[in-house]
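So the structure is just underneath, and the comments pick up after that.
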Amino acid sequence: MPLTRRSVLFGSAAFAFGLATTSCGRAGSPSTHAGSPGKSLGSPSTDPSAPIGEEVVGALRGLAKEVGRETFQSVEVSTDPRFDRTLNADLLMVDGSVQTFTYNHSWKKGDYDAKSEFTSPASARIDELPLEHLQAYLNVLRGEAHDITFKVDYVGRVQVTALVNTDEVGLKLDGTGTVPHCDPDKVAGVKSAVAEMVAVYGRAAERVGSFNGFVHMDANVAGCRAPVRIVRRQKEAAQADIVQDKLFSRSELFDPRGFDPTMAVTRKATIAKEAGVKGEVWDWEYRRPPKGGEPLVSYGIGPKGSSTRVWLDEKGKITAIVAGECKSDSGWCPE
């Protein structure tokens, strides 16, 4: 399925939350960018006083010229002052594979990932990455960042993160600060996460949920030929993280803007005991029941994973206890 480029009308929201938009599609024939029109693909700057952004852009243009492609899926800039500056860049190749290149005075090939069902078809040109704000990111982080990464998600949105000690921290694209913190165990945190995901990716949700310390929304995104799982981690902007093959049907979708997460969050601590189900709560979800109807809250409970799902009605009464609903090999279940 070919990658199609499109203009996304989420510009202001995306920018505010630390996301930029480029393209959307499903793994198949990747798009090819053979360099940015009107800009020469020069060599890295040799001027030690050159701004860090110019230095990185020069190196990336040299790689694009050498490889003949400008299909960047990620760029990682080492900013640790104790070591020479190095770059890692992942390029989407013409056959759909992903090739990593490492720069330290010259470019060398690194890891290679063959095309698979998990390979994103999206990529960005150099001028679609906010590299001009590299120094601003360092200023925001007060020199504490060891690496800054520009990553293109499954639908072509750019996210910027920094490694601070051992934590990944999301950055606003314009360099004015870090992205807001969203606590998935707090009602306000879930509300904020859902509002961000809707503002950036649209409101055609199949479910909203939380597990493994983040909030997610599974959704059809306008212009995309496959649905995505959009993940909002506590300190990072929302990003499309997983793709599945088939678009959700209209009967499965709902507008999550009216979702109140109070019940989902506050009942999590007691629902296993209330339902008489052994184990712990691994996740909660808000979606339509398998047989249809309005979206309801449910919990995945079990001793080693989400082996039993407990459903609540709109008033919070336990209405169903279903075993074996989550298929462990689907890629969409808690681990």
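Counting only lysines at least 8 places from LYS115 when in the same chain, those with an alpha carbon closer than 20 Å to its own are LYS151, LYS246.
Take each peptide in 249-258, 56-65, 137-146, 158-167, count the other Cβ atoms within 10 Å of every residue, and average; sorted highest first, the result is 56-65, 158-167, 137-146, 249-258.
Residues TRP282, TRP311, TRP107, sorted by accessible area with the largest first, give TRP282, TRP107, TRP311 [1.4 Å probe; ligands and nucleic acids excluded]. All other residues whose Cβ lies under 14 angstrom from that of VAL160 are scored, Lys and Arg at +1 and Asp and Glu at -1, for a net of -3.
Max-minus-min Cα coordinates of the stretch 190-319 on each principal axis give 44, 34, 26 Å, with the largest extent listed first.
Within the stretch 220-287, all pairs of alpha-carbon atoms sorted by distance into 5 Å bins from zero give the percentages 3, 12, 16, 21, 18, 15, 11, 3, 1.
Across q = 0.20 Å⁻¹, the stretch 72-158 modelled as identical point scatterers on its alpha-carbon atoms has Debye log10 I(q)/I(0) values of -0.99, in the order of the q list.
Provide SER192, SER210 ordered by accessible surface of protein heavy atoms (probe 1.4 Å), highest first.
SER192, SER210
The values are calculated or read from the model by the stated rules, or taken from the named source; none is laboratory data. These figures come from a predicted structure and were not determined experimentally. Ideal geometry is used to build each Cβ from the backbone, glycine not excepted, and the neighbour counts take in all protein chains shown. Heavy atoms of the whole protein, side chains included, go into the accessibility calculation; ligands, DNA and RNA do not. Shrake-Rupley method; radii C 1.70, N 1.55, O 1.52, S 1.80 Å.
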